[in-house]
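The values are calculated or read from the model by the stated rules, or taken from the named source; none is laboratory data. Small disclaimer: the values here were computed from a predicted structure and weren't measured. So basically every Cβ, Gly included, is an ideal-geometry build from the backbone, and we count neighbours across all protein chains shown.
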Amino acid sequence: MININTFGKTLRTEREKQGIDLQAVSDETKIRTHYLNALEEEDFDALPPRVYATGFVTTYARFLKLDPEAMVSQFKHLAYHDKVVPPPVIAEERPKRRPKIPIKNIMAAAIFLLIALWAGNWVSAYIAQQGVAPPPTVVQEPSTVKNPPVQPAVSDKLILAITARQKCWLQVSADGIEQFSGMIEAGDNKSFQATESIIIKAGNAGGIDLFLNNKALAPLGNVGQVVEKHFDKSSITKE
């Protein structure tokens with residue numbers, strides 16, 4: 001068992017023992033050298049939020065063939081053992097008097113709600129039918145050319161759908177314009193559309209699933225790994 005007081009020294013000693021510099025580790029793990037050095041120096045204030053920092057420790061330990069669980073346990077003890085989150089203060093609520101609502105108002109609201117639901121379902125069904133309706137049949141005049149070659153349909157849009165399985169920091173640009181930058185929670189879904197290109201950068205690449213024009217893509221990276229990916233029209237057939 002490695003002494004917790006030598007957490008950073010253990011990482012550096014093992015790396016130097018294997019004859020690897022920080023840049024080589026960064027190239028393989030996709031973790032910035034700034035964060036790798038912070039782990040070895042035990043400069044925990046220089047690290048990103050806890051979920052990402054813990055992922056960095058796991059990835060770095062696996063790369064050096066150390067015990068990831070032991071190293072993560074030591075890291076959490078050193079970096080977070082003295083940070084106690086105070087319980088939320090719950091204000092005492094006073095009993096409120098229920099307002100008296102006339103029965104006529106309740107009935108009118110119920111009728112309005114039913115009409116709104118019916119109209120919403122009708123509109124949704126109409127839009128869905130329009131989305132899947134076949135194109136109108138075009139009658140062409142007889143031509144002297146028999147059996148002309150059929151040109152393959154080319155999609156004029158890129159549609160990238162993202163589903164989060166874990167909490168992840170995300171940045172997305174479409175056609176050179178930033179569309180989103182921030183945290184998404186597990187279960188969140190995002191969709192982005194572009195005509196030329198989409199660039200995505202994820203702080204927890206293994207915690208999200210990607211779909212390009214309704215086609216599931218390969219995992220973007222590992223849990224805790226920071227990965228940037230570019231998509232253009234050629235990606236539709238490549239991915």
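Return the residues of the range 195-239 that are out of contact with any Phe, Trp or Tyr (no Cβ under 8 Å at 6 or more places or on another chain), small (G, A, S) and either surrounded by fewer than 17 Cβ atoms within 10 Å (Cβ to Cβ) or part of a strand (DSSP E or B) (or both); say none if nothing qualifies.
Listed by number, the residues that qualify are A216, A218, S234.
Suppose we filter the range 19-29 for residues that are surrounded by fewer than 16 Cβ atoms within 10 Å (Cβ to Cβ) and closer than 16 Å to G224 by Cβ; how many remain?
Qualifying residue count, the range 19-29: 1.
Anything in the range 1-60 that is touching a residue at least 40 places away in the same chain (Cβ under 8 Å) and among the acidic types (D, E)? List them, or say none.
E14
Pick from the range 147-187 the residues that are among the charged types (D, E, K, R) and within 17 Å of P219 (Cα to Cα): which of them is modelled with the lowest pLDDT?
K167
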